[in-house]
Protein chains: 2
Amino acid sequence: MSDAHAARRERLREYCSASGADAALITRAANVRYLTGCPPCGAALLLTRERALLAVPDDLPRDDSGEHLIDPELARLPVPQADTALAAAEAAVSLRVQDLAVEEHDLTVSRHRAIGGLAERIRLADLGTAVERLRVVKDEQEIADLRIAAEIADQALGELLESILVGRTERHLAMELERRMIDHGADRAAFPVSVGTGSHSGQEHHQPTDRRVEEGDFLTVVLGAQYRGYGISTARTFVIGAAPAPWQVELHRLVFRAQRAGREALSPGVEQHIPDDAARSVLQAAGHTERSVHPLGHGIGLEIREAPQLGPADMGKLDNRVPVTVGPGVHLPGRGGVRIEDTLVVRPLEEGGPELLTITTKELLAL
Amino acid sequence: MSDAHAARRERLREYCSASGADAALITRAANVRYLTGCPPCGAALLLTRERALLAVPDDLPRDDSGEHLIDPELARLPVPQADTALAAAEAAVSLRVQDLAVEEHDLTVSRHRAIGGLAERIRLADLGTAVERLRVVKDEQEIADLRIAAEIADQALGELLESILVGRTERHLAMELERRMIDHGADRAAFPVSVGTGSHSGQEHHQPTDRRVEEGDFLTVVLGAQYRGYGISTARTFVIGAAPAPWQVELHRLVFRAQRAGREALSPGVEQHIPDDAARSVLQAAGHTERSVHPLGHGIGLEIREAPQLGPADMGKLDNRVPVTVGPGVHLPGRGGVRIEDTLVVRPLEEGGPELLTITTKELLAL
């Protein structure tokens with residue numbers, strides 16, 4: 001991967017040159033990883049026209065999975081944990097950098113001031129979200145990693161569906177899913193698994209409780225695996241017991257249709273709000289307006305939420321090879337609800353349209 | 001707990017008044033939790049002379065364990081996730097705050113600028129680490145929570161020691177310990193459990209690998225539970241198989257003596273570097289100088305590393321009722337090593353001296 005990382009650094013150098021900066025200081029963990037392969041550890045990257053220098057915490061373990069550490073173009077500077085950004089900036093000073101672009105959306109005010117105080121001749125500019133923008137369109141290696149992350153989550157979910165669920169708590173089921181994802185090769189869960197049953201089902205950010213799964217419950221599972229740093233997210237809602245109630249069948253069908261409308265609207269060149277409009281109009285036609293403030297989905301990759309946002313007010317256009325989530329839901333307070341989410345890659349129709357990564361069935365299984 | 005939280009907010013108000021600020025904007029998650037009980041969720045707290053307003057993400061689940069949300073003095077303002085700090089600052093503007101103290105060590109440059117641009121008359125000052133300093137000395141409720149967190153970690157570790165270890169991987173053992181801690185009532189692991197065997201043993205930040213435990217290995221486990229937000233940290237090193245090698249016995253005895261010397265030096269009024277000096281001199285007398293850059297320990301509570309630092313250059317004095325870690329280690333590259341860490345509460349001799357929270361035996365068990 002170090003060639004790909006070097007190519008990404010080159011693109012950032014071009015951006016810096018064009019914007020008049022001699023060098024960039026990258027501190028945001030996902031951006032450092034994107035440009036170097038270094039997993040989140042508090043490292044900071046200094047990128048000048050000729051050099052790339054990674055200030056890493058000096059207590060970082062060296063002898064495990066250190067693939068990222070063998071990039072020939074990347075010099076490593078071990079420094080105490082708290083000082084990586086400052087140490088990289090000091091290196092910039094000693095390399096006679098004058099205009100240093102920093103990530104003002106990541107750097108704290110205190111650290112920014114400390115860096116600005118290092119030398120009189122150094123001028124700090126704002127790099128903004130330049131690296132985040134580079135990250136939006138994924139290369140095929142990144143998509144391959146996302147595909148594996150999705151397979152892992154699908155496997156873990158599939159195994160859980162074959163086990164007895166009644167009587168087990170949300171917390172136990174969530175833990176079990178995390179364990180299974182790691183067993184199947186995930187780095188870790190991409191975010192804490194959410195399991196909601198009964199009145200907790202269908203919520204977007206439900207934290208698992210000690211509530212036990214009961215006959216007749218809706219069961220919503222929101223999970224994602226992370227593989228080589230790349231995460232996906234998926235949600236499914238099932239029903240427990242032999243036969244779902246009519247309101248459950250109806251609500252599930254509605255959210256299924258909304259989610260499908262959102263998925264089908266994904267295409268390169270489409271404005272970002274279009275998939276949200278498509279899904280939202282299905283829910284609104286059925287009288288559900290509660291989700292109006294929540295976007296339908298978002299980009300996903302090295303961060304679990306990244307650009308582009310797929311909300312009602314997002315006006316940019318979708319690009320080819322952008323992985324996004326599409327996950328509408330309806331929650332009826334006190335009763336429960338349905339959430340169905342996939343991770344897909346935007347692809348043109350000639351290539352078969354959006355590529356679905358999370359392939360677990362979206363039917364209303366009765367478990 | 002809301003009385004305790006209100007009392008803490010009152011102390012911060014006094015600090016703000018003394019420093020000339022009308023109000024404080026608290027954004028650092030552990031500080032928000034300390035002052036409100038609200039678990040980390042991206043909330044921001046505005047504290048004026050008369051009011052306390054918590055801007056919380058509007059997609060926060062409401063119907064689970066919301067103990068923290070029923071503080072009568074605390075108004076809640078639901079806003080979109082990314083905007084909590086800005087929304088709290090906007091509230092400050094509409095309450096006619098003129099001097100607003102912010103946490104410059106937490107706030108990003110971008111957000112600081114956005115807040116400064118809200119109104120012409122608002123002046124931003126630096127609150128610094130005022131809340132972190134309030135957090136150093138714990139009350140008995142906080143110490144009770146830490147005691148439970150330590151019991152949970154001890155239980156999980158004790159159960160693991162009774163199981164068969166040979167042939168299992170570091171990753172599996174780490175996962176098992178996390179699961180057991182949650183089973184015993186932990187919110188979660190306070191940090192990712194580290195299990196290192198063979199040449200990986202004795203390292204401070206070892207990430208578990210697929211290496212399997214073998215006869216004759218050292219096995220180092222570093223773990224901690226979090227209970228009601230409060231975390232502890234403990235490390236033990238054992239040997240696998242019937243009889244440890246002489247070098248293992250010797251190294252373990254050495255680190256044990258160093259750790260004991262560090263523990264015994266803990267006392268109110270003692271300078272922070274003294275426990276480190278005590279432990280370090282034991283290791284240095286035996287020819288081990290490698291740990292010279294790493295401090296012996298640190299404060300622990302709502303954050304797994306917080307003030308005070310216990311390093312060779314730390315000159316402040318320890319207070320009564322301050323929980324700290326004491327955890328020296330020696331790692332011999334290629335061979336392995338020993339790490340032994342406890343969490344203790346500084347207490348005066350009249351009360352029996354330092355209170356040991358993590359009570360798992362520190363003997364060299366042969367498993």
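FYI, it's all coordinate maths here, none of it is from the lab. What you see is a predicted model; the values in this text were computed from it and never measured. Note that we place each Cβ from the backbone using ideal geometry, even for glycine, and neighbour counts take in every protein chain shown.
Net charge within 15 Å of B:Pro246 by Cβ-Cβ distance, Lys/Arg positive one each and Asp/Glu negative one each, not counting B:Pro246 itself?
Numbers: positive: B:Arg253, B:Arg335; negative: B:Glu250.
Local charge sum for B:Pro246: +1.
How compact is chain B by the rule of thumb for globular proteins, expressed as Cα Rg over 2.2 N^0.38 Å?
1.09
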Placed amide H near B:Phe191: partners under 5 Å, 5+ positions off or other chain: B:Gly224
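Quick one: of the DSSP bridges fully inside the protein assembly as shown, what percent are antiparallel, nearest 5?
75 percent
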3J(HN,Hα) from dihedral phi, segment A:6-22, Karplus parametrisation 6.51/-1.76/1.60, rounded to Hz, x for glycine, proline: 4, 5, 5, 4, 5, 5, 5, 4, 4, 4, 5, 3, 4, 9, x, 9, 6
Within segment B:279-341: Cβ-based charge dipole about Cα centre, in debye rounded to nearest 20 (Lys, Arg +1; Asp, Glu -1): 180 debye
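Which is the longest part of chain B that has none of the GluC sites (Glu not before Pro) sitting in a DSSP loop with at most 11 other Cβ atoms within 10 Å?
B:216-362
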Given charges of +1 on the Cβ of Lys and Arg and -1 on the Cβ of Asp and Glu, with all other atoms neutral, how large is the dipole of the protein assembly as shown about its Cα centre, in debye to the nearest 20? 620 debye
Largest-first principal axis extents of the Cα set of segment A:98-171 (Å): 67, 34, 14
How would you classify segment A:1-40 from its alpha-carbon gyration tensor, with a ≥ b ≥ c the square roots of the eigenvalues: rounded for a/c under 1.5, else prolate if a/b is greater than b/c, otherwise oblate? oblate
Could you tell me how many degrees, from 0 to 90 and to the nearest 10, lie between the Cα long axis of helix A:273-285 and the main elongation axis, the longest principal axis, of the Cα atoms of chain A? 20 degrees
FRET E, pair A:Ala144, A:Glu10, Förster distance 25 Å, beta-carbon r, rounded to 0.05: 0.70
Considering only A:Thr48, A:Val97, A:Gly198, whose Cα is most displaced toward the positive end of the charge dipole of chain A, charges sitting on Cβ of Lys, Arg (+1) and Asp, Glu (-1)? A:Gly198
Per residue, how big is the convex hull around the C-alpha atoms of segment A:2-135? Give it to me in cubic angstrom, could you? 92 Å³
For helix B:246-264, what angle does its Cα long axis make with the longest principal axis of chain B, in degrees from 0 to 90 and rounded to 10? 40 degrees
Residue span B:Thr289 to B:Ala18: 0.36 nm per residue of separation minus Cα-Cα distance leaves a gain in nm of 93.0 nm
Out of B:Pro208, B:Gly158, B:Pro275, whose Cα points farthest toward the positive end of the dipole of segment B:140-356 (charges: +1 Lys, Arg; -1 Asp, Glu; placed on Cβ)? B:Pro208
For the pair B:Asp59 and A:Arg168, how long in nm is the line joining their label points, each one 7 Å along Cα→Cβ? 2.7 nm
At R0 = 56 Å, how high is the FRET efficiency between A:Glu73 and A:Ala243 if r is their beta carbon distance? Nearest 0.05 is fine. 0.35
Rounded, prolate or oblate: which fits segment A:140-356, taking a ≥ b ≥ c as square roots of the Cα gyration tensor eigenvalues, rounded meaning a/c under 1.5, else prolate when a/b beats b/c? oblate
Work from the charge dipole of the protein assembly as shown (Cβ charges, +1 for Lys and Arg, -1 for Asp and Glu, about the Cα centre) and give the residue of A:Thr360, A:Pro80, B:Leu86 farthest towards its positive end. B:Leu86
Please give the charge dipole size of segment A:2-135, origin at the Cα centre, charges +1 on K and R Cβ atoms and -1 on D and E Cβ atoms. Round to the nearest 20 debye. 340 debye
Going 7 Å from Cα along the Cα-Cβ axis for the label, what nanometre distances separate A:Leu161 from the same residue across the other copies? 4.4
Take every residue in peptide A:103-111, count the Cβ atoms of other chains within 10 Å of its Cβ, and give the average of those counts. 6
In whole Å, how far is the Cα centre of segment A:164-198 from that of segment B:251-268? 40 Å
FRET efficiency (A:Leu332, A:Arg212; Cβ distance; R0 35 Å; to 0.05) is 0.95
Would you kindly calculate the translational diffusion coefficient of segment A:238-367, applying Stokes-Einstein with the Kirkwood radius from alpha carbon pairs, for 20 °C and a viscosity of 1.002 mPa s, and quote it in µm² s⁻¹ without decimals? 142 µm²/s
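At 222 nm, what helix-only mean residue ellipticity would chain B give, in deg cm²/dmol to the nearest 500, using -39500 (n - 2.57) for each DSSP H run of four or more?
Value at 222 nm, helices only, nearest 500: -10500 deg cm²/dmol.
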Obtain the nm distance between the two label points defined at B:Phe191 and A:Arg188 by a simple spin-label model: each point lies 7 Å from its Cα along the Cα-to-C-beta direction. 1.2 nm
Rounding to the nearest 10 and keeping the result within 0 to 90°, find how far the Cα-based axis of helix B:84-94 lies from the longest principal axis of chain B. 30 degrees
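From the Cα gyration tensor of the protein assembly as shown, with a ≥ b ≥ c the square roots of its eigenvalues, which class applies: rounded if a/c is under 1.5, or else prolate if a/b is larger than b/c, or else oblate?
Note, shape of the protein assembly as shown comes out rounded.
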Hey, what did segment A:2-135 get for relative contact order, percent, Cα under 8 Å, at least 6 apart? 26 percent
At most 13 other Cβ atoms within 10 Å and a DSSP loop assignment: could you name the trypsin sites (Lys or Arg not before Pro) in segment B:133-171 that fit? none
Each label sits 7 Å from Cα toward the beta-carbon; between B:Asp277 and A:Glu50 the label points are separated, in nm, by 4.7 nm
